[in-house]
Amino acid sequence: MTEPAAHPAISTAQPEDFFQLLKPRVMSVVIFTAVVGLVVADGALDWISSAIAVLCIAVGAGAAGALNMALEGETDALMRRTRGRPVAAGRVKKNDAMAFGVILSVFSVMLLGMTTNWLAGGLLLLTILYYAVFYTLLLKRRTPQNIVIGGAAGAFPPVIGWAAATGQAPWQAWVLFLIIFLWTPPHSWALALYSAGDYAKAGIPMMPVARGAKSTRLQIVLYTLVFLVAAVAPGFTGMGGIIYQVVSIVGGAGFLFLTLRLWRSRAGDQPDKAEAVGREAALYDVRAEAKPARNLFAFSILYLMALFAALLVESFTPGL
């Protein structure tokens, strides 16, 4: 009788797998908003120090993503949208992902603190712990308000960038924080509306699972109204100029239109067809009833990037 083959002692994970642990899509948003915070702050950092600061923030965000995947490998394996992730698919061992995340966390926080200031380093450490521990371990499985409270983790990068540039975190930096913080619930719940079957299967009480699709659509409207007030605020407080005002108002009108169309739709009322048959599907491959949720999700990303891009453009064209 032959014995079963032993698992290899050495990991067979490829560099691409470790890169995917960093959640590069999320990291790109983090990098961009952090750069905007750093540039708009108009501090005294030279280009080399600024580049190091952005690198540290990016690596710190990636470290948080790696820790999140290490802690949620079994949960991710149950969800159509996430079961191809490195830990969930078995390409990277949980302990290896955890060690990778810890090493990157220490590296990014220490380097940022030593090359800029310890306020920035401390805020980066807070962000990593907030996402990997407070959100992932404590909030995500315990309350349908998980994404509301946990959204703070994604809102810190512009504050960290501002602190890195100036050694301070004034109210203007927290306005940028507030924009991302209030943007997160409608953005995330739009995704959850057409991925509710995934979350239910994994036992995660996202709003559509815990309160139903109709309640979620209403809450998206309410949060959108508050978010849009924050989104236009920089244009009326001296932070943003005419470009920002146009982008925030016109884009905000589009955001509100898509939100109201979602509210009147039946998005989330029925499981997605791809979920029902268990097949792989792209993030935006949804049934007709869910398209209003998909459209809001996609537009929300464009709108947030446009807001921060407007601030960045105006920082280089101060006469506008």
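The values are calculated or read from the model by the stated rules, or taken from the named source; none is laboratory data. Treat the numbers as computed from the prediction; the structure is a model and nothing was measured. Virtual Cβ from ideal backbone geometry, glycine too; neighbours counted across all protein chains shown. Heavy atoms of the whole protein, side chains included, go into the accessibility calculation; ligands, DNA and RNA do not. Shrake-Rupley method; radii C 1.70, N 1.55, O 1.52, S 1.80 Å.
See the values below:
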item: Carbon plus sulfur fraction of accessible area for the chain, probe 1.4 Å, in percent; result: 68
item: Contour excess over end-to-end distance, with Cα ends at Lys93 and Phe257 and 0.36 nm allotted per residue; result: 54.6 nm
item: Relative contact order [Cα under 8 Å, 6+ residues apart], the range 135-180, whole percent; result: 34
item: Cα pair distances exceeding 19 angstrom across the range 201-261, given as percent; result: 45
item: Net lengthening on full extension, Leu55/Glu74 (0.36 nm per residue, minus Cα-Cα); result: 3.8 nm
item: Pairs of Cα atoms farther than 14 Å apart, the range 132-191, %; result: 58
item: Residue-normalised accessible area of the chain, given per residue in Å² at a 1.4 Å probe; result: 46
item: Accessible-area ranking of Phe181, Phe236, Phe257, largest first, probe 1.4 Å; result: Phe236, Phe257, Phe181
item: Among Thr136, Gly212, Leu296 the positive-end extreme of the charge dipole of the chain (Cβ point charges); result: Gly212
item: Loop-resident sites, the range 202-250, for trypsin sites (Lys or Arg not before Pro), counting at most 11 other Cβ within 10 Å (DSSP); result: none
item: Sites Ile48 and Ile243 - FRET efficiency at Förster radius 25 Å, r taken between beta-carbons, to 0.05; result: 0.30
item: Accessible area in the full protein assembly, largest first, 1.4 Å probe, for Val36, Val209; result: Val209, Val36
item: Inverse of mean 1/r across different Cα pairs in the range 143-228, Kirkwood, Å; result: 13.8
item: Span-like helix ranges in the chain, DSSP H, alpha carbon extent 30 angstrom or more, Kyte mean at least -1.0; result: 47-71, 94-115, 171-193, 242-263, 291-316
item: Gyration tensor over alpha-carbon atoms, the range 102-157, equivalent ellipsoid semi-axes in Å; result: 25, 11, 6
item: Arg83 paired with Met305, simple spin-label distance in nm, labels 7 Å along Cα-to-beta-carbon; result: 2.9
item: Normalised alpha carbon radius of gyration of the range 194-235 [divisor 2.2 N^0.38 Å]; result: 1.50
item: Quarter of Cα convex hull surface for the range 1-160, i.e. mean projection, nm²; result: 11.3
item: Nearest-20 debye value, the chain charge dipole, Cβ charges on Lys, Arg, Asp, Glu; result: 1080
item: The range 133-284: Rg to Rh, with Rh as the Kirkwood radius over Cα pairs; result: 1.03
item: Cα coordinate range in the range 51-130, projected on the principal axes (Å, largest first); result: 41, 20, 19
item: For the chain, with +1 on Lys and Arg beta carbons and -1 on Asp and Glu, the positive-most of Trp183, Ala306, Gln20 along the dipole; result: Trp183
item: Histogram of C-alpha separations across the chain, 10 Å bin width, %; result: 6, 25, 32, 25, 10, 2, 1, 0, 0
item: Per-peptide average of other Cβ atoms within 10 Å, ordering 12-20, 171-179 highest first; result: 171-179, 12-20
item: Members of Lys23/Lys93; Lys201/Lys291; Lys140/Lys201; Lys214/Lys291 lying beyond 19 Å, as alpha-carbon distances in this model show; result: Lys201/Lys291
item: Dimensionless Rg ratio for the range 30-95, taking C-alpha atoms and the 2.2 N^0.38 Å reference; result: 1.52
item: Over the range 34-153, relative contact order from alpha-carbon pairs under 8 Å, at least 6 apart, %; result: 26
